[in-house]
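Novice: Starting off with a structure, shown below.
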Amino acid sequence: MMTTSKLNLGQHMIVSPVIPRTIAFTPSSIAVTLTNQHASSSLTLCYTPTHSPTRVRSHSHPFTESDDQVEDLRVPDHWLEPTISLQESEWLRVALHKWLDDEYCPEETNVEISRVAANSYYNSLLQKQTDLGEILLKMARELESINYKESFHGAFSSANAAIDLIAQRIEQFCQSM
């Protein structure tokens, strides 16, 4: 189960005990903490739309010369092909809808959240957008069009759940190579 914590005005933090990652964000920035499987080291990246991802903190190992560049969290390039983009966005629609139903409870808003998130993801891929931070911010803005008055969800928590699912899928893809 993911935990959402409200930090300050406009700030949220999502923690997933199943996935070794913490994502904290405001409408203008995102911080992602990745922890290896044995929790012996972790890396925090900070992203703002006007700057490239920046390493904020690394635990266990000091920086070395080869660590000067931070590896971006990106969608694989071949997912940008229109037919693959459509398949990936449909996968997200189904996976996010299931996750929302399982995590909270089935509600009509879950259908709309999943549809808007999948459409946003599809459009991002068609526009050759591969950076997960930028995809997250765009998706969160588009999800703000939904009325969450009678829902357990919000635009940012829904976008974050979608990005977490995408990141898991990317990890699975990379492991299968």
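Novice: Compute the length gained on full extension between residue 87 and residue 74: take 0.36 nm times their separation in residues and subtract their Cα-Cα distance, giving the result in nm to one decimal.
Specialist: Length difference between fully extended and current span is 2.9 nm.
Novice: Taking the convex hull of the Cα atoms, report for the stretch 107-177 its projected area averaged over all directions, in nm².
Specialist: Values: hull surface 19.9 nm².
Average of the hull's projected areas for the stretch 107-177 equals 5.0 nm².
Novice: While we're here: Where nothing but the Cβ of Lys and Arg (+1) and of Asp and Glu (-1) is charged, how large is the charge dipole of the stretch 104-177 around its Cα centre, in debye to the nearest 20? Don't skip to the answer; put the middle values down first.
Specialist: Numbers: 6 positive and 10 negative charges, 44 e Å.
That gives the stretch 104-177 a dipole magnitude of about 220 debye.
Novice: For the stretch 137-151, just list the computed ³J(HN,Hα) in residue order, Karplus coefficients 6.51, -1.76 and 1.60, θ = phi - 60°, integers in Hz, with x standing in for Gly and Pro.
Specialist: 5, 5, 5, 4, 4, 6, 6, 5, 6, 8, 7, 9, 3, 10, 10
Novice: Taking the mean number of other Cβ atoms within 10 Å as a proxy for protection, how do you rank 144-152, 73-81 from highest to lowest?
Specialist: On the way: 144-152: 12.2, 73-81: 15.8.
Per-residue Cβ counts within 10 Å, averaged per peptide and sorted highest first, yield 73-81, 144-152.
The numbers here are math on the coordinates, done by the rules we state, and not lab data. Predicted model, so just to flag it, every value in this text is computed and none were measured. Neighbour counts are summed over all protein chains in view; Cβ atoms, including those assigned to glycine, are modelled from backbone coordinates with ideal geometry.
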